[in-house]
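**Q** Take this structure, written in structure tokens, and hold onto it; I'll ask about it next.
Derivation of every value follows stated rules applied to the coordinates shown; laboratory data play no part. Given the structure is predicted, the values throughout are model-derived calculations rather than measurements. Every residue, glycine among them, receives a Cβ derived from its backbone with ideal geometry; neighbour counts consider all protein chains shown.
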Amino acid sequence: MISNQFKEIEEMILSGQFSGTILVKRDNEVVYEEAAGFADRMEKRANRKDTRYGIASGCKIFTAVAVAQLADEGLLSFDTKLKDCLDLEFPKWDADITIQQLLTHSSGIPDYFDEEVMDDFAQLWKETPMYLLQNPSDFLPMFRDKPMKSIPGERLHYNNAGYIILGLVVEQLARIPFTDYVNQNIFKRAGMSDSGYFSMDSLPENTAYGYEETEAGQFKTNIYSIPIKGGPDGGAYITAGDMVRFWEALLDNRLLSKETTNILLTPHIMVKEGVHYGFGIWINSNNESNLKYHVMGYDPGVSFHSAYYPETKVKTAVLSNFSSGAYSIMKAIEEHLYK
């Protein structure tokens, strides 16, 4: 069972508050690893340490790395204007939106799911069937003809549509589908052999179904609550081990040049005091240094947190097939590591 060093986590698991997989690694040493709950509640198939989970927006970092790789190749720069690298018309948008503004959620473009005015992701699919959303371009009718939300560069407004647009830029410049690009140039290079953008109607073995709790206290799968296949704004399936391998590959400059890696990990825009956003990544810092790089994702039936702590060289991955739970586990891990 779980080490007494992580007593709070043990209590959460024993009480049924967490379903998923947890991995904590310092340098090459696994400090803590555990799996709990069911990947398939009907068949009583248990979650394992190597189970795949959806990570929702947690994979925006993969999109940011893909764009940064194009910058390393000289196919664009972060100051490149959208109109100069994507052959699509957006008549109601500002013509001077840049790649950097899209990466930092400061482009001001409209979103197909605006978290400032909406809070139920599943409601979207009443008008747009989720099974039709299989490619980045399939999302365009949901936002391309809407007016700008704000002036480019004016403020951070978390924006899924901006990452859809970045995925279309990758497809145009790399000349292959976005998910194929990530599979070949990120997952394969990082050794993430169990990760991929899988369709929900044909999930591979050892993949957890996402579960939502109903008002009656029962559980249902999230198959009708999220797009059928993930893409640039979220929805990949990965394992805890693969997420740590991603951190290792990124920090070892195996995915990007050292200069571009540093740019990606630079605090570019303030979220609030002590928290900034880089390219596809959240950064917690004080006046002297960056203390934590982290990514997260929430969808119906999905909660995910993963982080790298540069002072201690610790990497964490918490993946859950419940709509909540990952955050509480991450906080408990941090309390143990820093008490």
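**Q** On alpha-carbon atoms, Rg over Rh for segment 1-59 using Kirkwood Rh?
**A** Rounded to two decimals, Rg over Rh is 0.99.
**Q** Let me ask something else. Under the rule of -39500 (n - 2.57) per DSSP H run of 4 or more residues, summed and divided by the residues of the chain, what mean residue ellipticity at 222 nm is obtained, to the nearest 500 deg cm²/dmol?
**A** Taking each H run of at least 4 residues, the total per residue is -6500 deg cm²/dmol.
**Q** Rounded to the nearest 0.05, what FRET efficiency do ASP84 and LYS313 give with R0 = 35 Å and r taken as the Cβ-Cβ distance? Could you check?
**A** Efficiency computed from Cβ-Cβ geometry: 0.30.
**Q** If you filter segment 283-339 for GluC sites (Glu not before Pro), then keep DSSP loop positions with at most 12 other Cβ within 10 Å, what is left?
**A** Of the GluC sites (Glu not before Pro), the ones in loops of segment 283-339 whose Cβ has at most 12 other Cβ atoms within 10 Å are GLU288, GLU311.
**Q** If one computes the Cα centroid of segment 17-57 and of segment 136-183, what distance in Å separates the two points?
**A** So the two Cα centres are separated by 31 Å.
**Q** Further, regarding this structure: Label-point separation (nm) for LYS331 and ASP145, each offset 7 Å from Cα along Cα-to-Cβ?
**A** Placing both labels 7 Å along Cα→Cβ, they lie 4.4 nm apart.
**Q** For the chain, take the longest principal axis of its alpha carbons; what is the angle in degrees between that and the long axis of helix 160-174, to the nearest 10 within 0 to 90?
**A** Taking Cα atoms only, the helix is inclined about 70 degrees.
**Q** Could you tell me the distance between the Cα centroids of segment 188-225 and segment 261-339, to the nearest Å?
**A** The distance from the Cα centre of segment 188-225 to that of segment 261-339 comes to 22 Å.
**Q** In degrees between 0 and 90, to the nearest 10, how far off the longest principal axis of the chain does helix 240-251 point, with axes built from Cα atoms?
**A** That helix lies at roughly 50 degrees to the long axis.
**Q** Next question, about the same structure. Could you calculate the FRET efficiency of GLN134 with GLN184 from 1/(1 + (r/R0)^6), where r is the beta carbon distance between them and R0 is 22 Å, rounded to 0.05?
**A** Calculated transfer efficiency: 0.70.
**Q** Under a 5 Å amide H to amide H cut-off, with H placed in plane at 1.01 Å, what residues pair with ALA39 once short-range neighbours are removed?
**A** Result for ALA39 returns ARG45, ALA46, ASN47.
**Q** Kindly write out, for segment 329-334 in residue order, the coupling ³J(HN,Hα) from the Karplus curve 6.51 cos²θ - 1.76 cosθ + 1.60 (θ = phi - 60°), rounded to whole Hz, with x marking Gly and Pro.
**A** So the Karplus estimates, Gly and Pro as x, are 5, 4, 5, 5, 4, 5 Hz.
**Q** Give, in nm to one decimal, the length gained when the segment between ASN284 and GLU259 is fully stretched (0.36 nm per residue of separation minus the Cα-Cα distance).
**A** Additional length available on full extension: 6.9 nm.
**Q** Measure nothing but the geometry: give the 0 to 90° angle between the long axis through the Cα atoms of 60-72 and the longest principal axis through the Cα atoms of the chain, rounded to 10°.
**A** 50 degrees
**Q** To continue, here is another question. Can you figure out the FRET efficiency of LYS44 with ILE223, using R₀ = 25 Å and their beta-carbon distance, to the nearest 0.05?
**A** Result of the calculation: an efficiency of 0.85.
**Q** Who wins for biggest fluctuation among PHE198, PHE143, PHE187 in a Gaussian network model of the chain, springs between alpha carbons below 10 Å?
**A** Ranking PHE198, PHE143, PHE187 by mean-square fluctuation puts PHE143 first.
**Q** Follow-up. Which of the GluC sites (Glu not before Pro) across segment 106-186 are loop residues per DSSP, with 14 or fewer other Cβ within 10 Å?
**A** Here the sparse-neighbourhood loop sites are GLU115, GLU116, GLU127, GLU154.
**Q** Which entries in LYS7/LYS44; LYS92/LYS149; LYS229/LYS331 show an alpha-carbon gap greater than 19 Å?
**A** Over 19 Å apart, Cα to Cα: LYS7/LYS44; LYS229/LYS331.
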